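Novice: Okay, handing you the structure first.
The values are calculated or read from the model by the stated rules, or taken from the named source; none is laboratory data. Quick caveat, the model's predicted, so the values are computed rather than measured. With ideal geometry, Cβ positions are generated from the backbone for all residues, glycine too; neighbour counts draw on all protein chains shown. These area figures cover heavy atoms from the full protein model, side chains too; ligands, DNA and RNA do not enter into them. Shrake-Rupley method; radii C 1.70, N 1.55, O 1.52, S 1.80 Å.
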Amino acid sequence: MAKAARRRAVVALVAVLAVAASVAVVVRVLAPAEVETVAREPYPTAPAPTAGVIGRLPVAPLVVDGRLRVYAGARQVYADQPATGRHRVTPFWSYRRWPATLTGVLAQDTTVVSRWSDGTLVALDARTGRVAWRADGPEPGPVPKPRRTYASTVWDPAGLHVARAADGRTVLVSAGPGAVGGYDLADGRRLWRADVARDCRTDVGTTASGELVGVDTCEGPPTIELRDAATGTVRTRWRPPDAAEQLVVTPVGCPHGHSGCRGLRTAGPGGAGGKGWLVTDPGEPSAAPGLDAVDTVLDGERVVDTSGPVVVGRSARTGAELWRRADIHPARVLATEPGRVHLLTDRRELVTVDPLTGATRSSLVLDIGRDGIGWRPGRAYAVDGYVAVERLRESATPEDDDQGYFLMAEPVLLAVT
């Protein structure tokens, strides 16, 4: 009997230890965690590529410092190099969080900021992949599930902007339903936080004069609110003359995403009654009739207009014609960056023009290998002469799944102009 009792005790002890071990495994696997995989190689030198199509990628890149490409995943932000690589390769560095999901990525100089579903902001040093700082920010609102390229996450991060303050500091602005905050990009120190109405106010971008642009519908008709990005103080509340009851505000002339924008376009539903405005100085926006048409883009105070039968350069302030190009029409604006407007023709030619003079800076066909030109453009992005574009099936609709929506498994083309 004693031997049987000892055997039962041993069995019970083994069972308890097994349960304890399994609980430890569950805790270790399910507990909130982050994994920082830093670079093991030296920071690469900047390549000097020639104009042409570089390669194709399965996901949308951010080109950082002309040296790295940064990508997004569901719970990961990572980089590869060189910027001119034909395909995506083994990560140069990687950062993961769990169980939060990644909602937006923004790059400024050599700082890569990621925003997560729990509101956490994590800044990474692009040169090493090390965490530079963390900060608690407002939780983002509902974000549509990104498609497999994650282009919306890296090229159009909702509620995440930067602005240049009057004292020269770069301020990160994070906005969500009910709150908005400003952070010093250098160290993550919170500069201010403002509680705002949840359901009747939206933020659309930042201006070249260092202000956060919001649209307030809480009391009366829609009003544009300009808030100092460095202090959180509302400087100006303004409503365009003869504005529609339902006001749509679109930032234009933005060097990065919706940050540092030099202009706004206001319109009613469907683009009716569109008006252009410059926001390069504090105070109320100033009229820019050259931006009134929906198919216009802004660089400095020069507008490139593709709304008519030819491509036209205009003065933003007066609308006066400065140059015209009949030889590259029909064309649409694919992407813009300071000093370059990238036009896409119906033959999938990428023509990059100088918005000041209209002169061609480069021209190439967006094709590689035997892929062909039987596609239509999706989201696009440009920085430092690099242009990336999603290629969609010609018959694609927003309701299609990713396989029916994208042209192929590597739908993103990357080119140098």
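Novice: Considering the range 197-216 alone, what residues qualify as being open to solvent by 40 Å² or more (accessible area, probe 1.4 Å) and modelled with pLDDT of 95 or more?
Specialist: Matches in the range 197-216: A208 only.
Novice: Does A335 qualify as being closer than 25 Å to R56 by Cβ and in contact (Cβ under 8 Å) with a residue 40 or more places away in the chain?
Specialist: Taking the combined requirement at face value, the residue satisfies it.
Novice: Where residues in the range 342-358 are open to solvent by 20 Å² or more (accessible area, probe 1.4 Å) and under 19 Å from T296 (Cβ atoms), which of them is nearest to the chain's Cα centre (by Cα)?
Specialist: Here the answer is D354.
Novice: From T149, T111, which residue is modelled with pLDDT of 95 or more, open to solvent by less than 10 Å² (accessible area, probe 1.4 Å), within 29 Å of G378 (Cβ to Cβ) and of a type outside the set (K, R)?
Specialist: After ruling out the rest, the residue left standing is T149.
Novice: Still on this structure: Name the residue that is farthest from Y183 (Cα to Cα), counting only residues in the range 244-285 that are polar (S, T, N, Q) and assigned to a loop (DSSP other than H, G, I, E, B).
Specialist: This residue is Q246.
Novice: Separate question: Go over the candidates R361, R391, R370, R317 one by one and state the one that is part of a strand (DSSP E or B) and open to solvent by 70 Å² or more (accessible area, probe 1.4 Å). Outline the logic, then answer.
Specialist: On the way: R391 fails: open to solvent by 70 Å² or more (accessible area, probe 1.4 Å); R370 fails: part of a strand (DSSP E or B); R317 fails: part of a strand (DSSP E or B).
The match here is R361.
Here's the yes/no breakdown for (1) touching a residue at least 40 places away in the same chain (Cβ under 8 Å); (2) closer than 22 Å to K145 by Cα; (3) out of contact with any strand residue (DSSP E or B) (no Cβ under 8 Å at 6 or more places or on another chain):
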{"position": "Q76", "(1), (2), (3)": "no, yes, no"}
{"position": "D80", "(1), (2), (3)": "no, no, no"}
{"position": "G85", "(1), (2), (3)": "no, no, no"}
{"position": "W93", "(1), (2), (3)": "yes, no, no"}
{"position": "T101", "(1), (2), (3)": "no, yes, no"}
{"position": "A107", "(1), (2), (3)": "yes, yes, no"}
{"position": "V113", "(1), (2), (3)": "yes, yes, no"}
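Novice: Go through the range 56-86 and give me each residue that's within 21 Å of the chain's Cα centre (by Cα), open to solvent by less than 20 Å² (accessible area, probe 1.4 Å) and among the small types (G, A, S).
Specialist: A60, G66, A72, G73, A79, A83
Novice: Let me ask something else about it. May I ask you to list the residues in the range 162-185 that are over 23 Å from R198 (Cβ atoms) and free of Cβ contacts under 8 Å to residues at least 40 places away in the same chain?
Specialist: Scanning the range 162-185 gives G168, D184.
Novice: While we're looking at this one, here's another question. Is it fair to say W98 is among the hydrophobic types (A, V, I, L, M, F, W, C), open to solvent by less than 20 Å² (accessible area, probe 1.4 Å) and out of contact with any Phe, Trp or Tyr (no Cβ under 7 Å at 6 or more places or on another chain)? So that I can check it myself, show each step before the final result.
Specialist: Numbers: among the hydrophobic types (A, V, I, L, M, F, W, C): yes; open to solvent by less than 20 Å² (accessible area, probe 1.4 Å): no; out of contact with any Phe, Trp or Tyr (no Cβ under 7 Å at 6 or more places or on another chain): yes.
For W98, the condition - among the hydrophobic types (A, V, I, L, M, F, W, C), open to solvent by less than 20 Å² (accessible area, probe 1.4 Å) and out of contact with any Phe, Trp or Tyr (no Cβ under 7 Å at 6 or more places or on another chain) - is not met.
Novice: Considering only residues that are β-branched (V, I, T) and touching a helix residue (DSSP H, G or I) at 6+ places or on another chain (Cβ under 8 Å), look in the range 244-299 and name the one that is most open to solvent (accessible area, probe 1.4 Å).
Specialist: That would be V294.
Novice: Does A39 meet the test of being assigned to a loop (DSSP other than H, G, I, E, B) and either at pLDDT 95 or above or farther than 28 Å from V162 by Cβ (or both)?
Specialist: Numbers: assigned to a loop (DSSP other than H, G, I, E, B): yes; either at pLDDT 95 or above or farther than 28 Å from V162 by Cβ (or both): yes.
Taking the combined requirement at face value, the residue satisfies it.
Novice: Cβ-Cβ distance below 7 Å, separation of 6 or more or different chains: which pairs start in the range 274-300 with a residue that is over 28 Å from T233 (Cα atoms) and end on one that is crowded, with 23+ Cβ neighbours inside 10 Å and charged (D, E, K, R)?
Specialist: What qualifies is G290/R314.
Novice: Could you list, in sequence order, the residues of the range 382-407 that are hydrophobic (A, V, I, L, M, F, W, C), without any contact (Cβ under 8 Å) to a residue 60 or more places away in the chain and farther than 15 Å from P61 by Cα?
Specialist: Passing the criteria: L392, A396, L407.
Novice: A further question follows. If R379 meets every condition in (1) assigned to a loop (DSSP other than H, G, I, E, B); (2) basic (K, R); (3) touching a residue at least 12 places away in the same chain (Cβ under 8 Å) apart from one, which number is that one?
Specialist: The single condition R379 does not satisfy is (1).
Novice: I would also like to ask the following. In this structure, is G220 at positive phi and either β-branched (V, I, T) or assigned to a loop (DSSP other than H, G, I, E, B) (or both)?
Specialist: Criteria met by G220.
Novice: Then there is this: Looking at the range 189-204 only, could you name the residues that are assigned to a strand (DSSP E or B) and not hydroxyl-bearing (S, T, Y)?
Specialist: Selection gives R190, L191, W192, R193, A194, D195, R201, D203, V204.
Novice: Right, here's the next one. Any idea which of R96, R88 is assigned to a loop (DSSP other than H, G, I, E, B) and modelled with pLDDT of 95 or more?
Specialist: R88
Novice: Restricting attention to the range 231-243, and to residues there that are part of a loop (DSSP other than H, G, I, E, B) and open to solvent by 20 Å² or more (accessible area, probe 1.4 Å), which single residue is farthest from T170 (Cα to Cα)?
Specialist: By that ranking, first place goes to D242.
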